[in-house]
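A.B. asks: This structure is in structure tokens; I'll ask about it shortly.
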There are 2 protein chains.
Amino acid sequence: MKLQVAIDRVDLETAKRLVQQLDGVVDIIELGTSLIKDYGFLQLKKAFAGTWHSELLYDGKTIDEGVYEFEKGFDAGADILTVMAASSVDTLTKVYDVTQQRNKQIFIDLMEVNEEKIQTIQHFEHAIYGLHHSKDSESTFDAADSVAHFQATFPTIKHISVAGGIDLTTAQKLADQGIVDSVIVGSKIVKDENPLQAAQKFMEVIR
Amino acid sequence: MKLQVAIDRVDLETAKRLVQQLDGVVDIIELGTSLIKDYGFLQLKKAFAGTWHSELLYDGKTIDEGVYEFEKGFDAGADILTVMAASSVDTLTKVYDVTQQRNKQIFIDLMEVNEEKIQTIQHFEHAIYGLHHSKDSESTFDAADSVAHFQATFPTIKHISVAGGIDLTTAQKLADQGIVDSVIVGSKIVKDENPLQAAQKFMEVIR
């Protein structure tokens, strides 16, 4: 199981410092939607140019104009880009094709879609399907239960990821469960007094 | 009926030139999602600072982290910000509240949501509800028919807008129909050899 760390709602200098600390320590570094909307792909491309040891995911949350956004995101250095499952099937098909052509990865964010919609978009063989509890949602979320239910419902989907309030205990539980390819952790690492140490602790429990 | 012109998938210099030409001529100028994701709110705020004669809409297509994105978007000078109807009801409620507190406007983009979802989010009295045909969609779209059907289905919704391949004939038809508050035009104006003249023609047929 891989560890993806999400950097969000911080300024560019803080993001750069966090990347310096975490690059090569965690498997995937996510530069969140807030960084893209605050600074834009062109500025992020300059700020984060160079050799990466971790994979780089830009959480662009594409929902339309898919080819344009995916071309821009990959040009900006992304190894993995995100698209909302709530997009039209046409958008999803187009960004999946761009991703395959460029030999990169695509993450389909399942936030706020129902099982009926997922039925229509479960055929993207190499895509990562991300269970995602909205940050704004007032309801609770059990990551391991959600993952087990999802796998039982969509047994043909091979690559699953999960995000939403993941702490060390939940990460350990998900690692033991052995279903998901990756787990996404945000504040539990980046808001820690020592993000590097916090990341190392997560890496220990999931391996 | 108001005319909203969408500027999208161009570089910053082209966007500035278009704004200079169209500000005060059309009712609302939209800086599209592509400009936000390419350049970011902070850079756009600087590029488009100053007195505006038209209203400024940033098409941020918020779908999560609503309060953060809406605060940033209004701080960047927006009069109107967009949120996806596909967001959680919690996100929609939070961004609606921020908008009311700041005495601004909110545009709820109805792309790819079904009537069942709209039933749950039709109570935001001052919001603009935007019928929106995905740019990536391969299916066709009749704007006037869609608007009539929408009004019949959701008679309590007061503010409606429509986007998706709108030409002069369709704009005229929508103006005669008298249902929508605004119509959104993109390429038919900004890709014209003379965007100012094209905008003026649209303003003539809709008044």
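The values are calculated or read from the model by the stated rules, or taken from the named source; none is laboratory data. Just so you know, these numbers come straight off a predicted model, no measurement behind them. Virtual Cβ from ideal backbone geometry, glycine too; neighbours counted across all protein chains shown. Just the protein is used for accessible areas: all its heavy atoms, side chains included, with ligands, DNA and RNA removed. Shrake-Rupley method; radii C 1.70, N 1.55, O 1.52, S 1.80 Å.
A.B. asks: What ³J(HN,Hα) values, in whole Hz, does the Karplus curve 6.51 cos²θ - 1.76 cosθ + 1.60 give for region A:87-102 when θ = phi - 60°, with x put for Gly and Pro?
C.D. replies: 5, 5, 4, 4, 4, 4, 5, 5, 6, 5, 5, 4, 4, 5, 4, 8
A.B. asks: At 7 angstrom along the Cα-to-beta-carbon line, where would the label on A:Asp167 sit relative to the other copies? Give the distances in nm, shortest first.
C.D. replies: Result for A:Asp167, in nm, nearest copy first: 6.0.
A.B. asks: Something else now. Residue-wise, which Karplus ³J(HN,Hα) couplings in Hz belong to region A:21-26, taking 6.51 cos²θ - 1.76 cosθ + 1.60, θ = phi - 60°, and x for glycine or proline?
C.D. replies: Each residue's phi maps through the Karplus curve to give 6, 9, 4, x, 8, 9 Hz.
A.B. asks: Amide H of B:Lys2 versus every other amide H placed in the peptide plane: which residues, excluding those fewer than 5 positions away on the same chain, fall under 5 Å?
C.D. replies: For B:Lys2, the qualifying residues are B:Ser182, B:Val183.
A.B. asks: Taking θ as phi - 60°, what are the ³J(HN,Hα) couplings along region A:67-80 by the Karplus curve (6.51, -1.76, 1.60), each to the nearest whole Hz, with x for Gly and Pro?
C.D. replies: Once θ is set to phi - 60°, the couplings for region A:67-80 become 5, 4, 5, 5, 4, 5, x, 5, 4, 7, x, 5, 8, 9 Hz.
A.B. asks: Turning to a different aspect of this structure: Just to be sure I understand: if you take the accessible area of chain A alone plus chain B alone and subtract the pair, with a 1.4 Å probe, what total do you get in Å², rounded to 100?
C.D. replies: Separately minus together, A and B give about 3400 Å² buried.
A.B. asks: Now for a separate question. Under 5 Å between amide hydrogens, which residues at least 5 positions from A:His159 or on another chain qualify, with H placed 1.01 Å from N in the peptide plane?
C.D. replies: The list, which skips near neighbours in sequence, is A:Tyr129.
A.B. asks: Mind checking the dipole of the protein assembly as shown: about its Cα centre, +1 per Lys or Arg Cβ, -1 per Asp or Glu Cβ, Debye to the nearest 20? Display every interim value, and only then the final one.
C.D. replies: On the way: 40 positive and 64 negative charges, 168 e Å.
Value, rounded to 20: 800 debye.
A.B. asks: On to the next question. Carbon-plus-sulfur fraction of the accessible area of chain B, 1.4 Å probe, in percent?
C.D. replies: Answer for chain B: carbon and sulfur cover 46 percent of the accessible area.
A.B. asks: Taking the Cα centre of chain B as origin, sum charge times position over the Cβ atoms of Lys and Arg (+1) and Asp and Glu (-1), and report the length of that vector in debye to the nearest 20.
C.D. replies: 480 debye
A.B. asks: Which value, in debye to the nearest 20, describes the size of the charge dipole of region B:114-194 about its Cα centre when Lys and Arg Cβ atoms bear +1, Asp and Glu Cβ atoms bear -1, and nothing else is charged?
C.D. replies: The dipole of region B:114-194 has a size of about 160 debye.
A.B. asks: Set the Förster radius R0 to 22 Å, insert the Cβ-Cβ distance between B:His149 and B:Gln172 as r into 1/(1 + (r/R0)^6), and round the FRET efficiency to 0.05.
C.D. replies: It comes to 0.65.
A.B. asks: Follow-up. Using a 1.4 Å probe on protein heavy atoms, which residues of region B:133-160 have at least 40 Å² less accessible area in the complex than alone?
C.D. replies: Buried on complex formation: B:Asp136, B:Glu138.
A.B. asks: Mind jotting down the distance between the C-alpha centroids of region B:34-53 and region B:108-177, whole Å?
C.D. replies: 27 Å
A.B. asks: Would you mind working out the accessible area per residue for chain B, using a 1.4 Å probe, and quoting it in Å²?
C.D. replies: Spelled out: the 1.4 Å probe surface of chain B, per residue, equals 42 Å².
A.B. asks: If every alpha-carbon in the protein assembly as shown counts as one equal scatterer, what log10 I(q)/I(0) does Debye give at q = 0.07, 0.12, 0.15 1/Å?
C.D. replies: Log10 of I(q)/I(0), two decimals: -0.33, -0.96, -1.46.
A.B. asks: If you keep only loop residues by DSSP, which GluC sites (Glu not before Pro) in region B:84-169 have at most 14 other Cβ atoms within 10 Å of their Cβ? List each step's numbers first, then the result.
C.D. replies: Numbers: sites: B:Glu112, B:Glu115, B:Glu116, B:Glu125, B:Glu138; in loops: B:Glu112, B:Glu125, B:Glu138.
Answer by residue number: B:Glu125, B:Glu138.
A.B. asks: Same structure again: May I ask for log10 I(q)/I(0) of region A:24-148 at q = 0.13, 0.14, 0.22 Å⁻¹, from a Debye sum over the Cα atoms as equal point scatterers with solvent left out?
C.D. replies: Debye intensities relative to I(0), on a log10 scale: -0.54, -0.62, -1.37.
A.B. asks: What residues in region A:64-89 lose 30 Å² or more of accessible surface when the other protein chains are added to their chain alone (1.4 Å probe)?
C.D. replies: At a threshold of 30 Å² (probe 1.4 Å), the residues of region A:64-89 that become less exposed are A:Asp64, A:Glu65, A:Tyr68, A:Glu69, A:Ala86, A:Ser88.
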